[in-house]
Amino acid sequence: MSKITTIKREIEISESKENVWKALADFGNICHGHPSVSKSFITSAEKEGVGATRHCDFTMMGASAEEKVSEWNNGKNIKIEVYELKKMPGIDTMSLDLAIKENGAKTILTSTMTYPMKNGFFDTMNSLMMKKMNAKLLNGIMAGHKLYIETGTIVNAKTKLDLSQVSTIN
């Protein structure tokens, strides 16, 4: 059985909790705040809530993912499960929990990424390099969402992001 890797990050967003939730709840448009997603769209009749699904095309290796909402607590958190990965070697499945809490007039966005690898070989690769790559990816997701939510700037792989504002949570 492969080990579960967990990576946690948080960032402060200079917007109200309601505005941050509005951006997160726009499930089909993850590409607006995710620098490694070139295109995303809803693939289910449901546009939000548990059971909603989307397709994401990534900027690297022609990779893509099919994702679904497994948990939806209005104004609090959304948990997304990746149920199909294409051209992403080694990772078996992945989930991302995005949670928000008020911090005065600002909002703290916390993300928790978890994933097992497909086998012991990929566990070793994860230890050597893939976990660092996924941590960097999560930093970009957090900084990208901050930029998008605060300014309306749609991010992409070339967008300059301030990763120094992303905090690691142990």
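Structure summary
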quantity	calculated
Spatial separation of Cα centroids for segment 7-51 and segment 57-90, in angstrom	11 Å
Heavy-atom accessible area order for PHE27, PHE122, largest first, 1.4 Å probe	PHE122, PHE27
Solvent-accessible surface (1.4 angstrom probe) belonging to THR124, in square angstrom, nearest 10	80 Å²
Neighbourhood net charge (15 Å Cβ-Cβ; Lys/Arg +1, Asp/Glu -1) for ASN119	0
Whole-Hz couplings from phi, Karplus 6.51/-1.76/1.60, listed for segment 25-40; x for Gly and Pro	6, 7, 4, x, 10, 4, 4, 5, x, 10, x, 9, 9, 7, 7, 8
Per-peptide average of other Cβ atoms within 10 Å, ordering 56-65, 138-147 highest first	138-147, 56-65
Surrounding net charge for LYS86, when Lys and Arg each add one and Asp and Glu each subtract one, Cβ distance under 15 Å	-1
Mean Cβ neighbour count within 10 Å, used as a protection proxy, ranking 14-24, 160-170, 83-93 highest first	14-24, 83-93, 160-170
Folded to 0 to 90 degrees: helix 131-151 orientation relative to the chain principal axis, Cα	20 degrees
Heavy atoms of GLU81 accessible to a 1.4 Å probe, total area in Å² rounded to 10	50 Å²
Ellipticity estimate at 222 nm from DSSP helix runs (n ≥ 4, -39,500 (n - 2.57)) divided over the chain, nearest 500	-6500 deg cm²/dmol
Taking the chain and dividing mean pair separation by its residue count, relative contact order in percent (alpha carbons under 8 Å, at least six apart)	32 percent
Amide H partners (placed H, <5 Å) of ASP92, local residues excluded	MET117, LYS118
For ASN74, net neighbour charge (Lys/Arg +1, Asp/Glu -1) across residues whose Cβ lies under 12 Å away	0
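The values are calculated or read from the model by the stated rules, or taken from the named source; none is laboratory data. Values in this document were obtained by computation on a predicted structure and should not be read as measured data. When we count neighbours, we look across all protein chains shown, and the Cβ atoms used for this are built from the backbone with ideal geometry, even at glycine. Ligands, DNA and RNA are excluded from the accessible area calculation, which covers all protein heavy atoms including side chains. Shrake-Rupley method; radii C 1.70, N 1.55, O 1.52, S 1.80 Å.
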